[in-house]
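Chemist: One structure follows; several queries about it will come next.
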Amino acid sequence: MKTRRRWVAVVGVMMAFTLVVAACGDDDAVDTTATTTPPATTEAVTTTEAPTTEAPTTEAPPTTEAVPDIAIGRGVTLEPCPDSANPDNGCIYLGVISDFSGPFAAFGLPLTWGKEDFWERVNAGGGLMGFDVAITPENTIDAGYDGAAHLAGYEEIRGNVAALAESLGTLQTLGALPLMIEDSMVSPVSSWYSGWSFDDIDGGLILEAGTNYCLEAMNGFDFVMQARSTMDPVGIPFTYAIVGFPGDYGGDYAAGVKIAAAAYADVGIGDPVAEFVYTPGVSTVEEAVAAILPVAPDVIFVTTGPNELAGLMGGLFGAGLQSAMYVGTGPTWHPALLGAADGALVPLFEQAYFQTSQNAGFQDDTPGHQAMREAFEAHERGIPNLGYVAGWVMSYNLLAVLEQAIINKDLTPEGIAAAVGQVEAVDYEGMLPDKSFVGTPDQTVERGAVVHRVDATSPDGLAVIAPFFVGPTAAAYEFNAPCLVLGG
Amino acid sequence: MLEVRNLEVVYSDVILVLRGISLSIPDGSIVALLGANGAGKTTTLRAVSGLLDVHNGNVTKGEILLDGEPIHRKSAAKIVRLGVSQALEGRRILAEMSVEENLRLGAHTNHRSMDANMERVYHLFPLLRDRAKSTAGYLSGGEQQMLAIGRALMSAPRYLLLDEPSLGLAPLLVQQIRDIIVEINRQGTGVLLVEQNAMMALSIADHGFIMEIGKIVMDKPAGELLDDEDVREFYLGLSGDEVQSFAQVKHYRRKKRWLS
Amino acid sequence: MRNRPALIGDYRSDAVVFRSGVQRVWMGLLLVAAVFLTFGGSLGPIRLEGEWVVLAATAVFASIGAIGLNVVTGMAGQVSLGHAFFLGMGAFTAAVLGGVEGTAPALDPVTGELIQKVVLAGYQLDMLIWLPAAGLVAALAGFIVAPVATRLRGLYLAFVTLGLVFIGDHIFREAEYFTGGAFVGRAPAEMSLLGFRFDKPGEVFGVFLGKNQKLLLLGVVLLVVMGLAAKNLFRSKVGRAMAAVRDRDIAAEIMGIGLARTKTIAFVISSFYAGIAGALLYAVVGRLQPEGFGFALSIDYIAMILIGGVATVSGAIMGAFFLKMVLPKVVVWLAGLPLVDLVISPEVGRGVFDTHQFERILFGLLIIGFLIFEPLGLYGIWIRIRNYWKAWPFSY
Amino acid sequence: MSTLLQAVLNGLALAAVYALIALGFVIIYKSMQVLSFAQPALMLFGGYFVVYFSSRLGLNFYLAVLLAIMVAGLSGLVIERSFLRPMVGKPVFAVAIMTIGIDLVVRIITGNLFGVESGGIGATGDPWGLGLFIGDPAFGATFHWGDVVLNQRRFAAIVAALLVIGILLAFFRYSRIGLAMRATAFDQEVALTQGVSVSSVFALSWAIAAALATVAALFISPNTGTIDVNMFAFALKALPVVVIGGMDSIGGALLAALIVGLAESLTITYQPVYAGFLGGSFSQVVPYLVMFVVLLVRPYGLFGTREVERV
């Protein structure tokens, strides 16, 4: 009897809690999101101002002269940035959530360097229409490719920054997006998921640069069509297979391949003869080889990492499939594949492997590349790599958005978010074709991808065959929905 | 001379099993250690041959000396090397291996003179030679006991510790084992014989110790023990009187207390 | 007796939920502290904010899962390496029942028109339904697995539960309609209790609370309820039967304790806790993926109860807080120290280990260290400190 | 028919790797009743040193393997001495979980040694030098029988496993130390009374297990000949192999390795065609499924000793 009474009490407590919660829910659940600004925001303005009050207030007037009547909010001050070379400028604080540890550290670190160096160059050039941009160590978070750490990091800095300069990882960013939407937090993202073009997925906050995996895959397919049409005898129609990681990278690319293939149905191209989803940490190269070998495709689209690529190509060749053509994308390739371990594969790579990517490599000859290489060398950033390039390129669109917000005289988070939709042409200094954020995704998406072949003499092991190649399928595709739905 | 001095052993940090016992085995003699179940005989042997660790036991006081050198902090392997070898209670032969492999294991510390020692063992136990290649588990109880003793001899020990070699054997086999122990001793090995079969033990021993609940309660030359009335009554079952009454048991208990 | 007030002299006092009034006071203090830390501002001097509240909320929900593992492993002695599977069952059940449906454009095979096809199940039910359901579905999974588990003992059982994780991992990856698929995953359930949103910021009793502060508050309430329930279980007949099975299963059987029944109950209750924990944990992170429920997650929970203290509720909670809240902060702090940062550094290539690697190493070393030096875990250390001060200045 | 033959050949190569790792588990288990979860990490660790000596230092391949085996064996020894020794007499689970901790630490350290790139086993495509005798110099020796292909790594795996297992069994049967190890496994106290240093046997069994894992590392990816930290899951599959065999039976482990290797290889070949609904990479859970089935029928594995316990 006694125990039963206690249980009743426990259930009672639970019920009471439920009711209380429900009762207060009635008042505010409806209208909190849109109208109430989180106090964190207002608080943040005062806190970020606090440390800078020591700066002589007498020098304030020229600052206000430079930016006479601009609305500022979270993470923006009229006082100069700490250690700024432009004492007359205000300061825009940006946050970075990247991976300096964990599996993607080798990508995340140079990526962040690229961003830091980019903004330093902007500041060195006199700043951004009366403002400097600061990425301070306090606002730089190492998430280690872990969703929980990413989110905790976001919570740590969300009150201090006007926008993010980086939020690495598609899924991690998706996890933090509800909070970002709450905060109107704009961020460029170093992942090329086709969903980032759509406001109902990213709230119009994610700034994408370069084409996405899906359209990149279509260009890849178009390129294969073109290449095989010049073969003797003509290699069309052909069979193809897909081997890729699951998710935003491999999944999006695979979707693009299939869309392109469907467009060539009239010349006899069918469905993939084999599709192997390579789950990292679970699948083995042996399985992939076993899945592909019996169907002996003419072309294989590979969206894995470099190790899997080498295993697949070596395994298939050794087992007798020696005529296949391989198409990969940026992360599939690593110059180390040309190195010691698999040196025997070099002739095969040079002969059979092609890849698409969003931008040209490190060596391209544009004003942007030139400036980037100078910054890279000035900061002694080590071995040239694509992470640095991506970090640099990605920063142009945030620059354009901030410029637009300043022109609008509204540097509040809401103002920055609103400015995104008004940017008509991001100037990438030639590193990418100009990009507009005005219009439907179908109008604004970048459709061109760079096609490379393997060149063992080049520092990154690649040579450009076709810069910003836009194939017929990619050009004609009506981009009205993400190619891959990343559920929920 | 192998000596145990004032030895105290505790199991699992709390169970005091030996409460300061002392005994000695002069070179080339047979010493019998007698006592009821749970008296601490096996623990004494474990302490001497360094097996206490396995049973979570510890020497907390006293020492064990081999020719004056303390050995109670040494590992079991080291003690075997120093010439003290034990045949465990219940024979414990390696049932899955052949007779020869069992013997080879015995020669682990004394690999060089393995052939000579094996010859000696085969000479003592001709039966084992015949069955050298057969699986040890299929030997009879007596044969297994011989194998256990033979295995202990493979390290050519100076002192052989035998824990209940007569356990579960037919009287005829007990006789045989007894003779073999005498023979081993004659060849120069000191023997510490732990037995419940006191008659057998005392008939061949030079000296005898009687243990009760962790203590030595009697320590006399074997001949004297055989003649001792209490020993005859309680260990040899040879009472002068026909009737054994509970009162006499009480009398013994009293006496024992007095002895200690 | 009068001279030894702490002596437990009868079964009645052995079986109470709180052994002493002090425990009750502590419990109350902790609750009050949790409320004050969450509300802050007008109520308390400090407010739990920023990443601390994320870490605290994660730790609170993980505590519930750890208590669950402590029921089956600590209490009933059945070492389960399969806790990740049950966490996953709860998490995905909650996400399916409480989450949003996902659609993708597809060609209708009949009409040939482009339609929106449902590719991800989501029913957007209330938390009142999905939270218990998550626990129950996980418990059901436990019930189905239990017959296999009760046949086996010792290490063999550990292996079966290990296998369960791998098979579960495969199922989670393949059941894309429910889980979103590998490296895609889905959003967690909407935390809406009768219209009150835990996953949106808003005012509670006139104080503005962020999403994670609300979640933390919910977690504390649930932890109290489920922690007390577990404490209650441990002192009940079933709890004593579990302890008997743990200490000597054959002896327990001879005493008339149904082995299969007791083990099954342990598995079911443990899975229920895991299910509840799994359902709520991912609301904090905002995303759940099939590959997150692997062997490593099981080890996390084993480490929690090991480091916290086996077979006690407070041990499980201590362990969860230690691993989820204290350890990450300690590593970051260490990495910031001069000289230490030459060994551990947040920058790749600078130190010998990066912080992430170092955290894993520390985690492994903690498992080893606690097993060698303090098998009772943090709870044991706490008891020792307490006893030291109780007896001070005497050694005992 | 040739598909089946191919699957069986690949399965044998897989079985060879499983057998090598599983033997390590069994040897440790037999000698000290400890189930070591650290074998996968030791495999990676040994594998790293093969990479280091052969590819990065450019030593002769066979010399590199020998050196790596020595390094791995030594670290097995050190691990036993420093972590397992204090745990003697503790419950089996405590020790098993402690080995999980060891596994974590060794794995992170190994990952750190590797860096971001994976390493190649041997500096050329054909480290075994088989290309000198047979086959196609571009990718090392490959044996062709009609449609059936056996690449040099698979061939080497089968040969090496047979060789190593043969040597090991002879060692246990004929050598003094092997005999001492068997005796320790059978009855620790008896071994002690015969002067066997049981603690050395424990350490030695860890060294042997680590050495075996290193040999297994050579063949872990027969197509690429590379090794990286992610291959941990592969070595973990040797655990079900051990359980199927019965944990304390060497013969059982060998048979189970064969069963699991073949089952996995046949699944790789036929499941995508005939049972695609089971999902991608289904073959990777096959070892665990086989384990479930075996344990349901025989709760102590195929050849495991039934625990007899006194209350």
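Chemist: Quick one: compute the contact order of the range C:202-340, relative version, from alpha carbon pairs under 8 angstrom and 6+ residues apart, as a percent. Provide the component values of the computation, followed by the final result.
Modeler: On the way: 62 pairs, mean separation 17.8, N = 139.
It comes to 13 percent, rounded to a whole number.
Chemist: Also, quick follow-up: Rounded if a/c is under 1.5, else prolate if a/b beats b/c, else oblate: with a ≥ b ≥ c from the C-alpha gyration tensor eigenvalues square-rooted, which is the range A:377-480? Could you put the intermediate results ahead of the total?
Modeler: Numbers: a/c = 3.51, a/b = 1.36, b/c = 2.59.
Here the range A:377-480 falls in the oblate category.
Chemist: List the accessible area buried at the contact between A and C, summed over both sides and calculated with a 1.4 Å probe, in Å² to the nearest 100.
Modeler: Details: alone 21200 and 20770 Å², together 37910 Å².
Separately minus together, A and C give about 4100 Å² buried.
Chemist: Most mobile of B:Leu202, B:Leu147, B:Leu127 per a Gaussian network model of chain B (Cα springs, under 10 Å)?
Modeler: Judging by the Gaussian network model, the answer is B:Leu127.
Chemist: With a 10 Å cut-off between alpha carbons and a GNM built on chain B, which of B:Ser85, B:Ser24, B:Ser203 moves the most?
Modeler: Top of the fluctuation ranking is B:Ser203.
Chemist: Tell me which of D:Leu59, D:Ser205, D:Val105 sits at the most positive position along the dipole axis of the range D:2-229, charges placed on C-beta atoms (Lys, Arg +1; Asp, Glu -1).
Modeler: So the residue we want is D:Ser205.
Chemist: Taking 35 Å as R0, compute the FRET efficiency from the Cβ-Cβ separation of D:Ile177 and B:Tyr138 and round it to 0.05. It would help to have the intermediate numbers written out before the result.
Modeler: On the way: r = 26 Å, r/R0 = 0.75.
About 0.85, to the nearest 0.05.
Chemist: Sticking with this structure for a sec: Could you work out Rg/(2.2 N^0.38 Å) for the range D:1-51, with Rg from alpha carbons only? Don't skip to the answer; put the middle values down first.
Modeler: Details: Rg = 14.7 Å, N = 51, 2.2 N^0.38 = 9.8 Å.
Against the compact-globule rule of thumb, the ratio is 1.50.
Chemist: Rounded, prolate or oblate, given the Cα gyration tensor of the range D:2-229, with a/c below 1.5 counting as rounded? Numbers along the way, then the final one.
Modeler: Working: a/c = 2.17, a/b = 1.65, b/c = 1.31.
Taking the square roots of the gyration eigenvalues as a ≥ b ≥ c, the range D:2-229 is prolate.
Chemist: Under 14 Å between alpha carbons, and skipping anything fewer than 8 positions from C:Lys231 in its own chain: which aspartates and glutamates qualify?
Modeler: Qualifying aspartates and glutamates at Cα under 14 Å: C:Asp14.
Chemist: While we're looking at this one, here's another question. Using the heavy atoms of the protein chains alone and a 1.4 angstrom probe, what is the accessible area of the range C:48-295 per residue in square angstrom?
Modeler: Heavy-atom accessible area per residue stands at 32 Å².
Chemist: On to the next question. To the nearest 10 degrees, how steep is helix B:171-186 against the longest Cα principal axis of chain B, on a 0 to 90 scale?
Modeler: Around 80 degrees separate the two axes.
Chemist: Would you mind calculating the relative contact order of the range C:48-295 from Cα pairs under 8 angstrom and at least 6 residues apart, reporting the percent as a whole number?
Modeler: Values: 465 pairs, mean separation 98.5, N = 248.
This gives 40 percent for the range C:48-295.
Chemist: What residue among C:Phe36, C:Phe293, C:Phe267 shows peak mean-square fluctuation when chain C is described by a Gaussian network model with Cα springs under 10 Å?
Modeler: It is C:Phe36.
Chemist: For every helix of n ≥ 4 consecutive DSSP H residues, a contribution of -39,500 (n - 2.57) applies; sum these over the protein assembly as shown, divide by its total residues, and give [θ] at 222 nm rounded to the nearest 500 deg cm²/dmol.
Modeler: Values: 58 runs with 757 residues, N = 1455.
Calculated mean residue ellipticity at 222 nm is -16500 deg cm²/dmol.
Chemist: Excluding residues fewer than 8 places away in the same chain, name every one of the lysines whose C-alpha is closer than 25 Å to that of B:Lys215.
Modeler: Qualifying lysines at Cα under 25 Å: B:Lys41, B:Lys61, B:Lys74, B:Lys250, B:Lys255, B:Lys256.
Chemist: Next up: Report the one residue of B:Ile213, C:Pro109, A:Ile292 whose Cα lies farthest in the direction of the positive end of the charge dipole of the protein assembly as shown (charges on C-beta: Lys and Arg +1, Asp and Glu -1; origin at the Cα centre).
Modeler: The listed residue farthest towards the positive side: B:Ile213.
Chemist: Ordering B:Ile216, D:Ile227 from largest to smallest accessible area (1.4 angstrom probe), what's the sequence? Mind dumping the intermediate values first?
Modeler: Values: B:Ile216 45, D:Ile227 0 Å².
Heavy-atom accessible area, descending, gives B:Ile216, D:Ile227.
Chemist: Give the residue from C:Leu216, C:Met89, C:Pro147 lying farthest towards the positive end of the charge dipole for the range C:48-295; charges sit on Cβ (+1 for Lys and Arg, -1 for Asp and Glu) and the dipole is referred to the Cα centre.
Modeler: It is C:Pro147.
Chemist: With a 1.4 Å probe on protein heavy atoms only, work out how much accessible surface A and D bury together, total over both chains, in Å² to the nearest 100. Mind showing how you got there, number by number?
Modeler: On the way: alone 21200 and 15220 Å², together 34450 Å².
Adding both sides of the contact gives about 2000 Å².
Chemist: What nm value, rounded to one decimal, do you get for the distance between A:Ala124 and D:Val297 when each label is placed 7 Å out toward the C-beta?
Modeler: Placing both labels 7 Å along Cα→Cβ, they lie 7.3 nm apart.
Chemist: With every protein chain left in place and a probe of 1.4 Å, what is the accessible surface of C:Ile144, to the nearest 10 Å²?
Modeler: Result for C:Ile144: roughly 110 Å² accessible.
Chemist: Given Cβ point charges of +1 (Lys, Arg) and -1 (Asp, Glu) and nothing else, what value in debye, to the nearest 20, does the dipole of chain B about its Cα centre take?
Modeler: Details: 30 positive and 32 negative charges, 127 e Å.
Its charge dipole is roughly 620 debye.
Chemist: With the crude spin-label approximation of a point 7 Å out along Cα→Cβ, what separation in nm comes out for A:Thr230 versus A:Asp271?
Modeler: Going from the A:Thr230 label point to the A:Asp271 one covers 3.4 nm.
Chemist: Now, a different point. Ordering D:Val106, D:Val243 by how much accessible area each has at a 1.4 Å probe, largest first, what is the list? Before the final figure, lay out the partial values.
Modeler: Values: D:Val106 20, D:Val243 0 Å².
Descending accessible area places them as D:Val106, D:Val243.
Chemist: How many square angstrom of accessible surface are buried between D and B, both sides summed, with a 1.4 Å probe and rounding to 100? Spell out each step's value before the answer.
Modeler: Values: alone 15220 and 12760 Å², together 25850 Å².
The D and B chains share an interface burying roughly 2100 Å².
Chemist: Moving to a separate point now. What FRET efficiency comes out for the pair A:Asn480/D:Leu57, r = Cβ-Cβ distance, R0 = 60 Å, nearest 0.05?
Modeler: Values: r = 56 Å, r/R0 = 0.94.
For A:Asn480 and D:Leu57, the calculated efficiency is 0.60.
Chemist: Taking all protein chains as present, what is the carbon and sulfur share of the accessible area of the protein assembly as shown, in % to the nearest whole number, probe 1.4 Å?
Modeler: Values: 35230 of 57750 Å².
Taking all protein chains in place, the protein assembly as shown shows 61 percent carbon and sulfur surface.
Chemist: So, one more: Determine the shape class of the range D:191-282: with a ≥ b ≥ c the square roots of the Cα gyration tensor eigenvalues, call it rounded for a/c under 1.5, and otherwise prolate if a/b is greater than b/c, oblate otherwise.
Modeler: Details: a/c = 3.55, a/b = 1.97, b/c = 1.80.
The shape class here is prolate.
Chemist: Next question. Going through the DSSP H helices of chain C, which span 18 Å or more along their own axis at the Cα atoms while scoring at least -1.0 as a mean Kyte-Doolittle hydropathy?
Modeler: Values: long enough: C:21-39 (27 Å, 1.72); C:50-69 (29 Å, 1.69); C:83-98 (22 Å, 1.51); C:127-151 (36 Å, 1.76); C:154-174 (31 Å, 1.19); C:211-235 (36 Å, 1.12); C:259-285 (39 Å, 1.45); C:295-308 (20 Å, 1.99); C:355-373 (25 Å, 1.48); C:377-391 (21 Å, -0.17).
What comes out of the filter, once short or polar helices are dropped, is C:21-39, C:50-69, C:83-98, C:127-151, C:154-174, C:211-235, C:259-285, C:295-308, C:355-373, C:377-391.
Chemist: Using alpha carbon centroids, what distance separates the range A:375-392 and the range A:135-189, in Å?
Modeler: The distance from the Cα centre of the range A:375-392 to that of the range A:135-189 comes to 23 Å.
Chemist: Here is a further query. Based only on Cα atoms, what Rg/Rh ratio does the protein assembly as shown have, Rh being taken as Kirkwood's radius? Don't skip to the answer; put the middle values down first.
Modeler: Numbers: Rg = 37.2 Å, Rh = 36.0 Å.
Ratio of gyration radius to Kirkwood radius for the protein assembly as shown: 1.03.
Chemist: So, one more: Can you figure out the FRET efficiency of A:Asp83 with C:Leu342, using R₀ = 22 Å and their beta-carbon distance, to the nearest 0.05?
Modeler: Working: r = 25 Å, r/R0 = 1.15.
About 0.30, to the nearest 0.05.
Chemist: Could you give the distance between the Cα centres of the range A:263-334 and the range A:77-105, to the whole Å?
Modeler: Using only Cα atoms, the two centres lie 43 Å from each other.
Chemist: Using a cut-off of under 14 Å, list every residue of the range A:372-414 whose amide N is near the label point 7 Å from the Cα of A:Ile181 along the Cα-to-beta-carbon line.
Modeler: In the range A:372-414, the label zone of A:Ile181 (backbone N under 14 Å from the point 7 Å along Cα→Cβ) covers no residue.
Chemist: Give the accessible surface of chain B per residue, rounded to a whole number of Å², with probe radius 1.4 Å and ligands, DNA and RNA excluded.
Modeler: Details: 11740 Å² over 260 residues.
Ligands and nucleic acids excluded, the result is 45 Å² per residue.
Chemist: Moving on to the next point. Kirkwood hydrodynamic radius, chain C, all distinct C-alpha pairs: what's the number in Å? Can you show the working numbers first?
Modeler: Values: mean 1/r = 0.0441 Å⁻¹.
22.7 Å is the Kirkwood radius here.
Chemist: Shifting gears a bit: Can you sort B:Ser113, B:Ser155 by solvent-accessible area, 1.4 Å probe, largest first? Mind showing how you got there, number by number?
Modeler: On the way: B:Ser113 45, B:Ser155 10 Å².
Most to least solvent-accessible, the answer reads B:Ser113, B:Ser155.
Chemist: Separate question: Measure out, as a whole number of angstrom, how far apart the alpha-carbon centroids of the range C:221-239 and the range D:39-91 sit.
Modeler: The distance from the Cα centre of the range C:221-239 to that of the range D:39-91 comes to 46 Å.
Chemist: When only C-alpha pairs under 8 Å and at least 6 residues apart count, what is the relative contact order of the range D:2-229, in percent? Show your work: numbers first, answer last.
Modeler: Working: 332 pairs, mean separation 88.8, N = 228.
Relative contact order of the range D:2-229: 39 percent.
Chemist: Turning to a different aspect of this structure: Taking chain D as the reference, fit the longest principal axis to its C-alpha atoms, fit the long axis of helix D:61-79 to the helix C-alpha atoms, and give the angle between the two in degrees, 0 to 90, nearest 10.
Modeler: Between the helix axis and the principal axis of chain D, the angle is about 30 degrees.
Chemist: On to the next question. Taking the Cα centre as origin and putting +1 on Lys and Arg beta-carbons and -1 on Asp and Glu beta-carbons, what dipole magnitude results for the range A:381-463, to the nearest 20 debye? Don't skip to the end; give the middle numbers.
Modeler: Details: 5 positive and 11 negative charges, 45 e Å.
The dipole magnitude comes to about 220 debye.
Chemist: Which angle from 0 to 90°, rounded to the nearest 10, does the C-alpha axis of helix B:141-153 make with the longest principal axis of chain B?
Modeler: 80 degrees
Chemist: Length gain on complete extension for the stretch C:Asp108 to C:Phe373, per 0.36 nm per residue less the alpha carbon to alpha carbon distance? Walk me through the numbers on the way to the answer.
Modeler: Values: separation 265, 0.36 × 265 = 95.40 nm, distance 6.48 nm.
That pair, C:Asp108 and C:Phe373, stretches by 88.9 nm at full extension.
Chemist: Continuing with the same structure: Under a plain spin-label model, where a point goes 7 Å from the Cα along Cα-to-Cβ, how far apart in nm are B:Arg129 and C:Leu140?
Modeler: In this crude label model, B:Arg129 to C:Leu140 measures out at 7.6 nm.
The values are calculated or read from the model by the stated rules, or taken from the named source; none is laboratory data. None of these values were measured; they are calculated from a predicted model. Cβ: placed from backbone, ideal geometry, glycine included. Neighbour counts: every protein chain shown. Areas reflect the complete protein model, heavy atoms only, side chains present, ligands, DNA and RNA absent. Shrake-Rupley method; radii C 1.70, N 1.55, O 1.52, S 1.80 Å.
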